[in-house]
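Participant: Got a structure for you, written out below as structure tokens; questions coming shortly.
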Amino acid sequence: MAKDKTVFECSDCGEKHSKWQGKCSGCGNWNSLVETIEVSAKAVINTRFSALNKQSSVVTLDQITAQDVGRKITGIGELDRVLGGGLAQGSVILLGGDPGIGKSTLLLQTLAKIAENNKVLYITGEESVQQIALRAKRLDVASHQNLRLLSEIRMESILPIVDIETPDVVVIDSIQTVYSEILQSAPGSVAQVRECSSMLTRLAKGRQIIVILVGHVTKDGAIAGPRVLEHIVDTVLYFEGEQHSNFRMLRSVKNRFGAVNELGIFAMTDKGLREINNPSALFLSSYRANTPGSCILISEEGTRPLLVEVQALVDQSHMRAARRVAVGMDGYRLSLLIAIMQRHLGIQLYDQDIFLNIVGGVKVQEPALDIAVVLSIISSFKNKPLPEKLAVCGEVGLSGEIRTVQKGQDRIKEAVKLGFTTVVVPKANAPKEKINGVEVVAVDTLEQVIHHCFR
């Protein structure tokens, strides 16, 4: 009779090793190997890897009738925006975020709205049903007969209950707490997370049930467990925000049924999460004009233009190596822009401490941020404010040229809507027709940007 054997599996990539070693040979990460028990082939159930389709055949593309996937509207506009129009039928959604950020609050508010017309099963492995009831009372969430609760972590018990309840939406809170008896490893291990998520995915695809998985995150902010977990699911959502801030941002990093990098913005209140329909006006509510080191950026998050304030503080360094600190953007990008300024503008910043912050806790990753960063740094360095009602966007190249950005016309319209009278954009993004009451400055070099804003 075959015996189970001990293997060491990488918690990042899932690579298996016969013995422990400091570095994973698959992904190259250090101290990522975890001891697990590998079940022998005879002990594995034969139906474990059964396909969703009973029989497969080769077909041509024109033989397939493509149909739009059905969706269930959640009733929360910001969440529907991020999902691409609602919960897609038969989809598997992974929601990750820091502890205490509000994942369970968002789900409970969403499920209460969905339960008005659909049957929902909320399976929790971290809390008791009494704790969920207390949270629902605090959030003033209406009680529905269609909103069913279950406290269970064993997959062999969960699947029969799903058969009996026949829900439209199933929530697993969280995927790191459930386990299957097929494997002997502990809940939360690489093997258990991969196996349980695969079982739930087969359940969703086979019965057209919407499955929402809540995932823990590591100290680096990535979803804990093997990377294959994010490949298995259809949609990956990150719930972000600072603990000391009331703003919460829901970001889509993968979506097979909609656009990626969509951003939904919420405000945390004593009655739960409240969606923000006009985030640009909210982020600029504390903006003060005629302040050195401040510049307004026209960013683009998914399909939504978003205006945020970029602040910089430049001060004489009293250390041997000047500090470069960036909050809300890539620190390496900041160092690159400083080098471009020194080379092409003749501004020497080697002995200056530079601190940069994107106001409101927003993280901007697109290169259209470059012009706003350069202008805010120069404004602080010269102690000279930028012109009033000025908004900018554009990427700066290594040779000092200004490169085009995506959706330039939408960015200009958003700035005009919020009352800005001067907009600096790359020359390729300049509108063909004039816009009443707005001066659109088209630039193609960094020198032109500086000449217009500091003349």
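Participant: P(r) of the chain in 20 Å steps, Cα pairs, percent per bin?
Facilitator: It works out to 21, 45, 29, 4, 0, in whole percents.
Participant: Hey, got a sec? Which GluC sites (Glu not before Pro) in the stretch 376-423 land in a DSSP loop and have at most 10 other Cβ atoms within 10 Å? Spell out each step's value before the answer.
Facilitator: Details: sites: 388, 395, 401, 414; in loops: 388.
When the GluC sites (Glu not before Pro) of the stretch 376-423 are filtered for loop state and at most 10 Cβ neighbours within 10 Å, 388 remain.
Participant: Per-residue HN-Hα couplings for the stretch 336-345, Karplus 6.51 cos²θ - 1.76 cosθ + 1.60 at θ = phi - 60°, whole Hz, x for Gly and Pro?
Facilitator: Running phi through 6.51 cos²θ - 1.76 cosθ + 1.60 with θ = phi - 60° gives 5, 5, 5, 5, 5, 5, 5, 6, 9, 10 Hz.
Participant: Mean separation of Cα pairs under 8 Å and 6+ residues apart, divided by the residue count of the chain: what relative contact order is that in percent?
Facilitator: Details: 914 pairs, mean separation 53.9, N = 455.
It comes to 12 percent, rounded to a whole number.
Participant: Run the numbers for residue 135 and residue 207: contour at 0.36 nm per residue of separation, minus the present Cα-Cα distance, in nm.
Facilitator: Numbers: separation 72, 0.36 × 72 = 25.92 nm, distance 3.05 nm.
Result: 22.9 nm gained on full extension.
Participant: Shifting gears a bit: Amide H neighbours of residue 301 under 5 Å, at least 5 residues apart or on other chains, H built in the peptide plane: list them.
Facilitator: 306
Participant: Compute the distance from the alpha-carbon center of the stretch 311-384 to that of the stretch 97-138, in whole Å.
Facilitator: 42
Participant: Give, rounded to the nearest 20 debye, the magnitude of the charge dipole that the chain has about its Cα centre when Lys and Arg contribute +1 at Cβ and Asp and Glu contribute -1 at Cβ. Walk me through the numbers on the way to the answer.
Facilitator: On the way: 51 positive and 49 negative charges, 31 e Å.
Roughly 140 debye, rounded to the nearest 20.
Participant: Could you tell me the relative contact order of the stretch 71-277? Use alpha-carbon pairs under 8 Å, at least six residues apart, and round to a whole percent. Don't skip to the answer; put the middle values down first.
Facilitator: Values: 436 pairs, mean separation 59.5, N = 207.
Taking the mean separation of contacting Cα pairs over the length of the stretch 71-277, I get 29 percent.
Participant: Not counting the cut sites, what is the longest span of the chain without chymotrypsin sites (Phe, Trp or Tyr not before Pro) that DSSP labels loop and that have at most 14 other Cβ atoms within 10 Å?
Facilitator: On the way: sites that count: 20, 287, 350, 454.
Within the chain, the longest run free of exposed chymotrypsin sites (Phe, Trp or Tyr not before Pro) spans 21-286.
Participant: Restrict the search to the stretch 159-259; then list the trypsin sites (Lys or Arg not before Pro) that DSSP places in a loop and that have at most 10 other Cβ atoms within 10 Å of their Cβ.
Facilitator: On the way: sites: 194, 202, 205, 207, 219, 227, 248, 251, 254, 256; in loops: 219, 227, 256.
Of the trypsin sites (Lys or Arg not before Pro), the ones in loops of the stretch 159-259 whose Cβ has at most 10 other Cβ atoms within 10 Å are 219.
Participant: Follow-up. For residue 413, list the lysines whose Cα falls under 23 Å from its own Cα; do not include residues on the same chain fewer than 8 positions away.
Facilitator: 363, 389, 427, 432, 434
None of the figures in this text is laboratory data; all of them are computed from the coordinates on show. Owing to the predicted nature of the structure, the values given are computational and were not obtained by experimental measurement. Glycine gets a Cβ as well: all are built from the backbone with ideal geometry, and neighbour counts include every protein chain shown.
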